């Protein structure tokens, strides 16, 4: 009888031991997969955050360089855009009842742009008696040219009407000629950029080439510097953002995929753990 009683005990012991080992194995596997899913979550969030930080940092670092690199391109874009606006404004001026007296005397949109840039006014209208009136009306219709929608609003003018530069149309065309190596819109406008930053080495060359006075050169330098630090930087920031959108998009996608895999693994293990607990309760019952 004593021998018979020992046999079931051995059998019971052999059945119980695997159950403990299986439970330990399941817990270890669950912990391992929980660690992997957590790691994937962390990696995903890290990749997304890193991509955003890197892109933002790149924008801050590259912004000043982009202004210099795109200086001529931005100026030409602004000039072309404003000339188109002035063309539309001329069409509006033709609605004036007195239009028949001066229609063929009105300036071209390009002349309007240069006069506004250089002297904050409207070009001369060679019509007796009413010429000055037409000039005044035209200047009022143009108003302040606000390029970036932020203060200050007179972004285009190198000076004001009360202190005109007296630059001529001929000088302005030369200064804004892309084919002129020393112009503001040359492929490499470094002379103007350096001059605006205080480098006076090329001042005499610029004055001689464009027949500029010290006063006129100073006005242009001040405008270049103000534009670079103001509306031009804002304009480039809005259009370029100084970051690689493909890099940013890629990091976000990789991060989301990583988080997705982590969530999938965690969900699967939680479901398996729930099933295991249900089986254990059924076995115990």
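The values are calculated or read from the model by the stated rules, or taken from the named source; none is laboratory data. None of these values were measured; they are calculated from a predicted model. No Cβ is skipped: glycine too gets one built from the backbone with ideal geometry, and neighbour counts run over all protein chains shown.
Screening the candidates 234, 211 for the property of being at pLDDT below 95 and assigned by TED's automatic domain parsing to the domain that holds residue 109 yields one hit, 234.
Being within 35 Å of the chain's Cα centre (by Cα), in a loop (DSSP other than H, G, I, E, B), under 30 Å from residue 205 (Cβ atoms) and assigned by TED's automatic domain parsing to the domain that holds residue 88, is that true of even one residue in the stretch 122-130?
no
Tally the residues that are in contact (Cβ under 8 Å) with a residue 40 or more places away in the chain, over 18 Å from residue 211 (Cβ atoms) and surrounded by 14 or more Cβ atoms within 10 Å (Cβ to Cβ), restricting the search to the stretch 147-177. Residues in the stretch 147-177 being in contact (Cβ under 8 Å) with a residue 40 or more places away in the chain, over 18 Å from residue 211 (Cβ atoms) and surrounded by 14 or more Cβ atoms within 10 Å (Cβ to Cβ): 5 in total. The set of residues in the stretch 121-156 that are touching a helix residue (DSSP H, G or I) at 6+ places or on another chain (Cβ under 8 Å) and more than 23 Å from residue 80 (Cβ to Cβ) comprises 124, 125, 126, 127, 130, 131, 134, 137.
Screening residue 206 with (1) outside any helix (DSSP H, G or I); (2) within 33 Å of the chain's Cα centre (by Cα) gives one miss only, at (1).
The single condition among (1) assigned to a loop (DSSP other than H, G, I, E, B); (2) surrounded by fewer than 17 Cβ atoms within 10 Å (Cβ to Cβ) that residue 185 does not meet is (2). Restricting attention to the stretch 96-119, does a residue exist that is part of a loop (DSSP other than H, G, I, E, B), over 28 Å from the mean Cα position of the chain (by Cα) and touching a residue at least 60 places away in the same chain (Cβ under 8 Å)? No, that holds for no residue.
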